[in-house]
Every structure is written in C-alpha cells, then in structure tokens.
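Each remark here refers to the structure printed beneath this line.
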Amino acid sequence: MSVTDLQGTLHDVLRRIVPVAPAELDPDKPFRDQFEMDSLDFLNFVLALEKEFGVKIPEVGYPRCASLSGATTVVEEQRR
C-alpha cells in the first residue's frame, strides 16, 4: 500500500470519528489544533486504526498518532 493510499484510508477512519474534509486537513498539524477532537475521539481513532489495519499500536505510540503524518508513520511501522 502506497503512502497516499494509506493516508486516504487513515482519513476515512478519521472521518468515521470526527467530521473533517480532506481539503481541511494539514497532515503535519495535530488534529486537536485543526478541529474538535476530544480524548475519547482520539482513543476511538487509535482503536479504529488497529482494527482497520490489523495492528497493535503500543500506548507509547499514541502521541505520534496525533497527526495524519504521524499516524501514517506509526501504522507503517506496525505493519512491518
């Protein structure tokens, strides 16, 4: 899966948790700085990533999932 495809899937997962349009999303900026995302939404996002990609994201990796580019890196690492 290419990085572009991976980010597209990540965005789809994110949209299931909070309403955000692709054009509104800066991949390097933390989600909480871009739109309303509380801690429960964030946890649901991480759990949805685990389910979608069949990976286990360690709790120490959660902070890195706070942006699209960070979540992309974490998922790529866990898929290896």
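The values are calculated or read from the model by the stated rules, or taken from the named source; none is laboratory data. The structure displayed is predicted, hence computed values, not measured ones. A quick note on method: Cβ atoms are made from the backbone with ideal geometry, for glycine too, and the neighbour counts reach across all protein chains shown.
Tabulated data for the structure shown
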{"read-out": "Test result for LEU14, closer than 13 Å to LEU68 by Cβ, assigned to a helix (DSSP H, G or I) and either under 12 Å from the mean Cα position of the chain (by Cα) or modelled with pLDDT of 90 or more (or both)", "value": "yes"}
{"read-out": "The range 13-69, subset in contact (Cβ under 8 Å) with a residue 12 or more places away in the chain and of a type in the set (S, T, N, Q), residue farthest from ARG79 (Cα to Cα)", "value": "GLN34"}
{"read-out": "The one condition in (1) in a helix (DSSP H, G or I); (2) at pLDDT below 90 that GLU36 fails to fulfil", "value": "(1)"}
